[in-house]
Amino acid sequence: MDNKLNELKRQYREIPIPEGLDNIIDEAISKHVHRKRIRIRWIAAAAAIAILYISALNISPSFANASSKWPVIGPLAKVLTIREYKVEEPTYKAHIQVPAIADLGDKSLEQQLNNKYSAESKRLYDEFMAEMDDLKKNGGGEAGVESGYVVKTDTDRLLSIGRYVANTVGSSSTTFRYDTVDKVNHVLITLPSLFKDDRYIDLISNNIKEQMIARMKQDKNSFFWVTGNGQQESDLNFRTIEKDSNFYINTDNKLVISFDKYAVAPGSMGIVEFVIPTELIADVLVNQAYVK
């Protein structure tokens with residue numbers, strides 16, 4: 001056995017090395033290094049383009065408007081400002097940003113949402129201009145409005161976008177309206193669509209009351225219009241959510257109920273939100289595809 005193994009070793013060592021093998025190896029190494037350098041340069045260039053693109057979107061509304069017509073590059077452009085209405089006068093100020101959603105994979109749904117956002121913004125601008133003209137005709141006054149949007153959630157599955165309107169003169173009010181979209185199935189999610197039946201209304205309403213009372217006990221600066229914690233019964237007190245109350249689903253896949261300024265608390269509390277424990281509503285959810 002040992003003799004046979006030694007003979008095989010001898011034959012292996014005596015295999016002739018082809019002429020030019022060193023040159024072949026050197027050339028292969030050179031090509032590999034060259035390809036690697038090209039790949040590194042390409043990645044660096046792509047990163048630079050991405051940074052430039054994002055910066056331009058943030059700095060220039062006109063660039064954002066033009067880029068909304070380009071093919072969408074991966075996850076870079078989910079929501080864009082495609083138009084702005086502005087009024088800059090000494091006692092009259094308006095700034096209204098018009099959002100547009102892209103890259104949902106469903107042009108019909110995109111168009112439906114974007115048409116709604118455009119119509120909302122145009123109506124808000126027209127109402128402001130009418131108010132301003134009326135004030136000027138009657139001796140002058142002050143008027144101000146600001147409107148824009150925030151992306152609350154942007155995951156592989158969900159996109160939640162909120163549009164806000166704030167009156168900036170006098171006792172200012174602020175409202176938020178949310179849309180939550182299933183980006184995989186191209187569905188606009190409504191609050192009732194999450195549940196098997198209407199039992200969620202009482203479950204969520206009772207939990208919100210409990211959270212209000214708990215917050216007031218923990219923070220002396222918190223105050224809600226709700227029966228309990230020594231407060232008297234009042235017509236202002238919160239009783240129940242609406243069937244289609246304002247909501248979104250956050251990045252932790254939790255249901256969040258949102259109330260406008262002055263809706264359930266004094267103006268000093270601003271917009272107030274309540275995260276609903278999933279275990280509380282698990283039995284009445286259709287499934288846990290969205291809320292987990």
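The values are calculated or read from the model by the stated rules, or taken from the named source; none is laboratory data. Since the structure is predicted, the reported quantities are computational estimates derived from the model, not experimental observations. Cβ sites come from the backbone with ideal geometry, for glycine too, and all protein chains shown count toward neighbours. Just the protein is used for accessible areas: all its heavy atoms, side chains included, with ligands, DNA and RNA removed. Shrake-Rupley method; radii C 1.70, N 1.55, O 1.52, S 1.80 Å.
Contact order for the range 222-292, expressed relative to its length and based on alpha carbon pairs under 8 Å spaced 6+ residues apart, stands at 27 percent.
Counting only protein heavy atoms and a probe of 1.4 Å, the accessible surface of the range 74-189 is 47% carbon and sulfur. Under the simplified labelling scheme, the ARG199-ARG177 pair shows an inter-label distance of 3.3 nm, with each label point 7 Å from Cα along Cα→Cβ.
Centre-to-centre separation between the Cα atoms of the range 186-201 and those of the range 227-292: 14 Å.
Over 32 Å apart at the Cα level, from the set LYS122/LYS243; LYS209/LYS292; LYS136/LYS220; LYS183/LYS217; LYS136/LYS243; LYS78/LYS243, are LYS136/LYS220; LYS183/LYS217; LYS136/LYS243. Exposure check, 1.4 Å probe, all protein chains in place: SER172 carries approximately 30 Å² of accessible surface. Peptides 106-112, 240-246 ranked from most to least packed by the mean count of surrounding Cβ atoms within 10 Å: 240-246, 106-112.
Measuring with a 1.4 angstrom probe and ignoring ligands and nucleic acids, ILE271 comes out at about 50 Å² accessible.
Taking all protein chains as they are arranged and a probe of 1.4 Å, the heavy atoms of MET269 leave approximately 40 Å² accessible to solvent.
Counting only protein chain heavy atoms and rolling a 1.4 Å probe, the accessible areas of ARG157, ARG163 rank, largest first, as ARG157, ARG163.
Across ILE82, ILE161, the residue with the most accessible area heads the list, and the full order at a 1.4 Å probe is ILE82, ILE161.
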